[in-house]
Amino acid sequence: MKAVGIIPARFASTRFPGKPLVMLDGKSMIERVYAQAQQAQLQEVVVATDDERIYQHVLAFGGKVVMTAPHHQSGTDRCQEACSQLPEAFDVVVNIQGDEPFIQPEQINKVIGCFAQPQAQIATLIKPVQSEEELFNPNSPKVVIGAQQQALYFSRHPIPYLRGVEQQAWLGQHPFYKHIGIYGYRRAVLAELTQLQPSALEKAESLEQLRWLEHGFTIVTAVTELETIGIDTPGDVEKALAYLQTFK
């Protein structure tokens, strides 16, 4: 099975314009993501951008990059356009977020490993919830899984609801998982996903993956104990620089 890693990287972020090009201790964020992805079990790593500045920057550090349209609403859509420009030799496409410069190769490999299961059409990572702050944070989506570690539902609210148990005791009574936003897709499935219209559950929770579940696709999960550190706003850069000192 051959896998390609695609890193969507757009310039016009609402909260942090030009984010892929922000420098972190001498290297841009997109270069750090690319370098981490190259250490995983991927046959190729490609940046998918809509901006000439990012395009030229990736070429300058020796990376592979393709230009995609500016109108895409999600990284999934950008991945599909990039995928259409690549050879047909890849079985699996891994969507690696361009704002996570500390993504671990082990995490990418876990996503790829999910496709050893024939029923896996999409794969993603989950992590045990460790604190009440995580559990009740709507910006940290939770996931319920089935007996074969397939995702049953994602929500910004803690699920399941523990009837008869005080909320401060929930973590001690049941294993909760949060979603880590990295995806893998079988190549043909990725093309199908981008043809789907937004669904009712997706609109309710503002979670793209609910569209896929609502249309009957199987999302297999793998558990990781590793945390991801994303950079969403300029204020996150200082935290990333501090983490970088422990990451080296």
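What follows is calculated from the coordinates using simple rules that are stated; it is not laboratory data. What you see is a predicted model, and the numbers here were worked out from it, not measured in a lab. Quick reminder, even Gly has a Cβ in these numbers, built from the backbone with ideal geometry, and neighbours come from all protein chains shown.
Step by step: find N for the stretch 1-100, compute 2.2 N^0.38 Å, then divide the Cα radius of gyration by it. What's the final number? Walk me through the intermediate numbers first.
Numbers: Rg = 12.6 Å, N = 100, 2.2 N^0.38 = 12.7 Å.
Its radius of gyration relative to the 2.2 N^0.38 Å reference: 0.99.
In what sequence do K64, K178 fall when counting other Cβ within 10 Å, fewest first? Please report the intermediate quantities before stating the final value.
Numbers: K64 13, K178 19.
So the ranking, lowest neighbour count to highest, is K64, K178.
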Relative contact order, percent, of the chain when contacts are C-alpha pairs under 8 Å separated by at least 6 residues? 23 percent
List the residues, sorted by chain then number, that are 5 or more residues from I145 or on another chain and whose placed amide H is less than 5 Å from its amide H. L152
Fewest first, what order do R10, R53 take by the number of other Cβ atoms within 10 Å? R53, R10
Percent of Cα pairs exceeding the 27 Å cut-off, where the set is the chain: 35 percent
Output wanted: per-residue J couplings in Hz (rounded whole) for the stretch 146-156, from phi through Karplus 6.51 cos²θ - 1.76 cosθ + 1.60, θ = phi - 60°, x for Gly and Pro. x, 5, 9, 6, 7, 6, 9, 6, 10, 8, 7
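Which value in deg cm²/dmol, rounded to the nearest 500, describes the helix-derived mean residue ellipticity at 222 nm for the chain, given -39,500 (n - 2.57) per DSSP H run of n ≥ 4 and division by the residue count?
On the way: 10 runs with 77 residues, N = 248.
Rounded to the nearest 500, the figure is -8000 deg cm²/dmol.
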Which percent of Cα-Cα pairs in the stretch 29-68 sits in each 5 Å bin, short to long? 5, 26, 35, 22, 9, 2
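Are any of the pairs K2/K142; K64/K110; K178/K239; K2/K110; K19/K178 more than 18 Å apart by Cα-Cα distance, and if so, which?
Pairs exceeding the cut-off: K2/K142; K64/K110; K178/K239; K19/K178.
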Distance in nm between label sites at A147 and E44, each 7 Å beyond Cα in the beta-carbon direction? 4.1 nm
Long-range amide H contacts for F176: which residues qualify at under 5 Å (H placed 1.01 Å from N, peptide plane, sequence gap of 5 or more or a different chain)? V129
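Tell me, what are the semi-axes, in whole angstrom and largest first, of the equivalent ellipsoid of the stretch 168-248 as set by the roots of 5 times the Cα gyration tensor eigenvalues?
They are 29, 20, 15 Å, listed from largest to smallest.
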